[in-house]
Amino acid sequence: MRSATIITCPPNDLVAGLHDRMPVILPPEAWPVWLGEEPADAARLKGLLVPYPVEGLAIWPVDKRVGNVKNNDPSLIEPIASFVV
């Protein structure tokens, strides 16, 4: 059986205005540790579960079609002109 999970953490300052948590994003230099290619104890692994730096992310408004799983095309990530909450 194949399975996957998304590990979340508290949001960074950029994401905090949108949601109360965010997915953990590991920088490439942490991949070998996380994937078991380098030895690591539980404390080191848990230390990777932190919000990603704001400087490495960007956000922009997208169409409400993103919220419907029936929609699956590249235009979903295109910025929209205005944002209404």
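The values are calculated or read from the model by the stated rules, or taken from the named source; none is laboratory data. The shown structure was predicted, so the numbers you read here are calculated from the model rather than taken from an experiment. Cβ: placed from backbone, ideal geometry, glycine included. Neighbour counts: every protein chain shown. Ligands, DNA and RNA are excluded from the accessible area calculation, which covers all protein heavy atoms including side chains. Shrake-Rupley method; radii C 1.70, N 1.55, O 1.52, S 1.80 Å.
Yes or no: P11 at pLDDT 95 or above and out of contact with any Cys (no Cβ under 8 Å at 6 or more places or on another chain)?
yes
Please give the helices (runs of 4 or more DSSP H) falling wholly within the range 1-65 in which 1 or more residues are under 30 Å from P79 (Cβ atoms) and charged (D, E, K, R).
Values: elements: 13-16, 31-34, 42-46.
Answer list for the range 1-65: 13-16.
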Filter result for V24 (modelled with pLDDT under 95 and surrounded by 10 or more Cβ atoms within 10 Å (Cβ to Cβ)): no
Residues within the range 8-21 that are of a type in the set (A, V, I, L, M, F, W, C), touching a residue at least 24 places away in the same chain (Cβ under 8 Å) and surrounded by 10 or more Cβ atoms within 10 Å (Cβ to Cβ), tallied: 3
Every pair of residues 6+ apart whose Cβ atoms lie under 9 Å, when the first sits in the range 25-53 and is touching a residue at least 12 places away in the same chain (Cβ under 8 Å) while the second is outside any helix (DSSP H, G or I) and open to solvent by 100 Å² or more (accessible area, probe 1.4 Å): V33/P39
Output for the range 20-66, where each listed residue is closer than 28 Å to A81 by Cβ and among the acidic types (D, E): D20, E55, D63
Positions within the range 50-85 being open to solvent by less than 60 Å² (accessible area, probe 1.4 Å) and either within 21 Å of I6 (Cβ to Cβ) or of a type in the set (F, W, Y) (or both), in sequence order: P51, Y52, V54, G56, L57, V62, N71, L76
